[in-house]
Structures are given as structure tokens and as C-alpha cells.
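Written below as C-alpha cells is the structure these notes are about.
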Amino acid sequence: MPYCYVGTQQATDDAQLNNGLKIFYRTYGHGPTKVLLIIGLASTHDSWGPQIKGLTGTIIPNDDETGIADWNSCRDDNENGSGIEVCAFDNRGMGRSSIPTRKSDYTTKIMARDATALLNHLGWKKAHVFGHSMGAMIACKLAAMVPDRVLSLALLSVTGGGFQCFPKFDRQTFSIAYRFLKAKTPEQRAAVDLDTHYSKEYLEENVGTDTRRSILYQQYVKAISATGMQSSYGFEGQVNACWRHKMTRTELDLIRSAGFLVSVIHGRYDIIAQVYYARRLAERLHPVARMIDLHGGHLVSHERTKEVNQALFYLIKASEVKMSPRDWTNLPKKKSWWTEKSASYFRSHRESGGSVSFTCCGYGHLTRHSMKDPKENQHVVN
């Protein structure tokens with residue numbers, strides 16, 4: 001089985017110490033274009049299945065002796081998949097990777113180092129880095145730590161960590177959170193996973209004589225039974241990593257100035273990671289970021305596979321042709337601090353029936369018009 005050995009401690013020169021902790025990974029497809037996929041909380045590498053298939057044309061790993069034959073047979077049918085090699089792996093604390101017992105061994109920065117060690121292990125100097133949920137937080141850290149290793153960055157179902165990980169407080173999400181924490185069997189976990197991963201509308205669709213919910217339920221039970229329930233050490237550690245995650249202004253500046261493009265992809269009905277925070281992160285990465293919101297839930301990569309895969313291909317292609325950030329972004333130009341404050345001041349006075357001085361109004365008017373950008377009225381995507 002393919003493993004990459006990493007460490008849980010740091011030496012004084014910031015080099016990783018190898019103390020036996022291992023990361024399980026799989027590669028798929030062949031070609032000069034490299035893509036690293038980083039999965040989220042309580043998930044294994046194969047949760048990237050729809051993207052692996054879409055990008056490479058196969059779901060048979062390269063270490064399987066039938067992998068090359070399968071890829072060759074699919075290559076003619078999926079020309080988009082040719083020329084791309086993908087690596088997906090289990091984060092520490094999940095699947096076949098090691099499970100440290102200390103919470104302090106789980107942070108997005110430490111897990112980004114795991115991902116960087118894997119790039120070194122594979123001999124990949126640069127790669128497109130795509131992350132989902134917690135994996136997107138890890139991808140952000142990696143991009144800030146080693147920006148010279150990143151060709152492009154895709155952040156799916158992402159938040160800024162900490163309190164942003166809390167879903168909207170209503171009866172539905174409270175019930176789902178309670179069931180998630182109480183789930184002790186594959187059946188219980190599968191039932192709650194469906195409600196956290198997909199939109200209600202999607203689950204209620206009919207597929208033949210069954211609903212999509214009943215079909216997915218059987219698939220989830222089978223998958224969870226095969227891999228086993230996540231260890232409490234791994235679950236608590238990964239939750240700790242999400243809670244402690246934060247991107248500083250310096251880190252965001254590093255990503256913005258690194259020269260690669262960013263795509264933020266999110267489901268509008270995601271109850272785990274609210275789309276508001278994803279859009280705010282995209283805005284903070286202006287002008288290199290593009291915002292794509294789709295009709296879907298937290299696992300939008302499964303619910304809207306075709307659209308997500310198209311967005312990923314477009315990101316890869318745009319990076320290869322070195323598209324300028326101005327042509328890439330669909331976000332309005334960031335406004336100055338004064339413009340934002342003055343606009344807020346005017347709104348509050350209008351709502352309260354107050355008045356403002358001609359001088360203040362005139363300056364605000366001039367500021368708004370002098371900084372107006374022709375893209376300001378664009379809708380943030382679809």
C-alpha cells in the first residue's frame with residue numbers, strides 16, 4: 001500500500017521529524033498536469049471519486065495492476081481526462097492514515113505540512129491544489145506556506161474556520177448536529193450524513209422506482225462499514241483543527257500575490273459551511289479569486305458533479321494560458337475603507353430620518369464615482 005511518512009513534531013529549523021506517522025494516498029491517471037486533492041472532515045480519499053473520474057477518466061488507482069489498462073481504455077472516451085495525474089489521500093486521523101492521540105497534533109498548518117510532504121514524496125514540484133471543506137482550509141494554509149508549489153487553488157465548501165464552522169442555528173441543523181454526535185453505527189452515521197451532505201430537494205428526487213435518499217443510504221452504509229467508523233481521537237482532532245483554523249491578513253496577501261488563480265466553489269444550500277463566509281473569503285482574495293455558487297448542499301462536488309468538474313477544468317486551463325486576474329475574477333472591485341464607512345453612515349442617517357452635511361455628501365459622492373469599477377454591478381456567479 002502506498003504511504004508517505006511524515007512527523008508530528010518540528011525541529012528548530014522547521015524541518016519535519018520522521019517519527020513513524022504515515023499518510024495513505026492513491027494516484028490516478030497519467031500525464032504532466034498534477035492535481036492534489038485534499039478531503040475534508042471525517043472523510044477518506046475516495047470521497048473525491050466523481051472528481052477523480054472526471055479529471056482522469058478512471059477510478060482505478062495506479063498501484064492497481066489494472067489501472068493503466070483501465071486508463072488507456074477510458075482515454076479515448078474522455079479526452080479531458082488525458083494528461084492529468086491526480087493524488088488523493090486520507091488526512092491524519094482518518095481512514096488508513098495514522099491517528100495521533102493528541103489534539104495538538106491536529107491543526108490545518110500541521111496537515112498542510114503533511115500535504116507538502118506528500119508532494120515531496122511524489123516528486124511533484126508544482127501542482128493544482130483542490131480542497132473540500134476542512135481540506136480547503138488545509139489547502140489555504142499550504143498555498144500560504146509554499147505558494148511556489150501551487151499552480152492554482154480550488155476551495156470547495158470552505159469557511160474561515162472557528163465560529164464560521166457553526167451552521168445556522170435552527171431546529172433542523174440542531175437536530176442534525178445532535179444526531180451526528182450520537183451516531184455510533186454505520187446506519188446511524190449514513191442517515192445523518194445524507195442530511196448534512198445534500199440538499200433536501202436532491203435527496204427527494206426519484207431515480208427509477210426509488211428515491212435518491214434510499215439509494216445513497218445503502219451506498220453510505222456499505223462504504224462506512226468497509227472503512228469503519230472514525231476513531232474518536234481522529235474526529236476530535238480534526239474538529240480541533242477546524243476550530244483553530246484562521247487565515248491571517250499576511251497569509252491571504254501571500255496567496256493574492258503568488259501569481260496563481262483561485263476558484264471558490266460552494267453550494268447555496270450548504271448547512272455546514274455557510275455560503276456567506278465562502279463569498280467573503282473570495283472577496284478577500286480579490287482580484288485572483290472567482291466565486292461559483294451552485295444549487296447544492298455541502299457535498300456539492302457530488303450533487304453537482306458536472307458543473308464542479310467543468311469549473312475545475314476551467315481553472316486548470318485558465319492557469320495554463322496564464323489568464324490575467326482581471327479577466328478571471330467575477331467579483332466586484334474592493335471598495336476603500338472610506339467608501340464603505342461613508343456609505344454605511346449615509347444609510348443609517350437616511351433610515352433614521354437624519355441629515356448629513358453638504359460637504360460630507362459631496363466628498364462621498366466624489367469618492368464613490370472616482371472609484372467606481374465597471375464590474376461592480378456584476379452578479380457573483382453562477
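The test for being at pLDDT 95 or above and small (Gly, Ala, Ser) holds for GLY297.
Residue-by-condition table, conditions (1) within 30 Å of ASN330 (Cα to Cα); (2) part of a helix (DSSP H, G or I):
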| residue | (1), (2) |
| --- | --- |
| GLY234 | no, yes |
| MET247 | yes, no |
| LEU252 | yes, yes |
| ARG279 | yes, yes |
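If you check THR101 against the conditions, is it over 21 Å from ALA223 (Cα atoms), at pLDDT 95 or above, surrounded by fewer than 21 Cβ atoms within 10 Å (Cβ to Cβ) and among the polar types (S, T, N, Q)? Answer is yes for this residue.
Considering each residue of segment 268-280 in turn, at least one proves to be surrounded by fewer than 24 Cβ atoms within 10 Å (Cβ to Cβ), free of Cβ contacts under 8 Å to residues at least 24 places away in the same chain and of a type in the set (A, V, I, L, M, F, W, C). Got a number for residues in segment 113-138 being small (Gly, Ala, Ser), buried (at least 24 other Cβ atoms within 10 Å of the Cβ) and either assigned to a helix (DSSP H, G or I) or outside the structural domain of ARG92 (by TED's automatic domain parsing) (or both)? Count: 3. Residues that are among the polar types (S, T, N, Q), part of a loop (DSSP other than H, G, I, E, B) and within 19 Å of PHE130 (Cβ to Cβ) are absent from segment 305-328 altogether.
So for segment 2-13 (the condition being crowded, with 21+ Cβ neighbours inside 10 Å, in contact with a Lys or Arg (Cβ under 9 Å, 6 or more places away or on another chain) and either modelled with pLDDT under 95 or over 15 Å from SER97 (Cβ atoms) (or both)), does at least one residue qualify? Yes, there is a match, as at least one residue in segment 2-13 is crowded, with 21+ Cβ neighbours inside 10 Å, in contact with a Lys or Arg (Cβ under 9 Å, 6 or more places away or on another chain) and either modelled with pLDDT under 95 or over 15 Å from SER97 (Cβ atoms) (or both). Cβ separations smaller than 8 Å between residues 6+ apart or across chains give the following pairs from segment 88-99 residues that are at positive phi to residues that are surrounded by fewer than 24 Cβ atoms within 10 Å (Cβ to Cβ) and β-branched (Val, Ile, Thr): GLY93/ILE99; GLY95/THR44; GLY95/THR227.
Results for (1) assigned by TED's automatic domain parsing to the domain that holds LEU285; (2) farther than 17 Å from VAL300 by Cβ, shown as yes or no for each residue.
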| residue | (1), (2) |
| --- | --- |
| CYS140 | yes, yes |
| ASP148 | yes, yes |
| ARG179 | no, yes |
| ASP193 | no, no |
| THR196 | no, no |
| SER199 | no, no |
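Considering each residue of segment 139-150, count those that are touching a Leu at 6+ places or on another chain (Cβ under 9 Å) and surrounded by fewer than 24 Cβ atoms within 10 Å (Cβ to Cβ), and give that number. The number of residues fulfilling the criteria is 5.
The values are calculated or read from the model by the stated rules, or taken from the named source; none is laboratory data. What you are looking at is a predicted structure, and each value in this text was computed from that prediction instead of being measured. Using ideal geometry, Cβ is built from the backbone for each residue, glycine included, and neighbour counts are taken over all protein chains shown.
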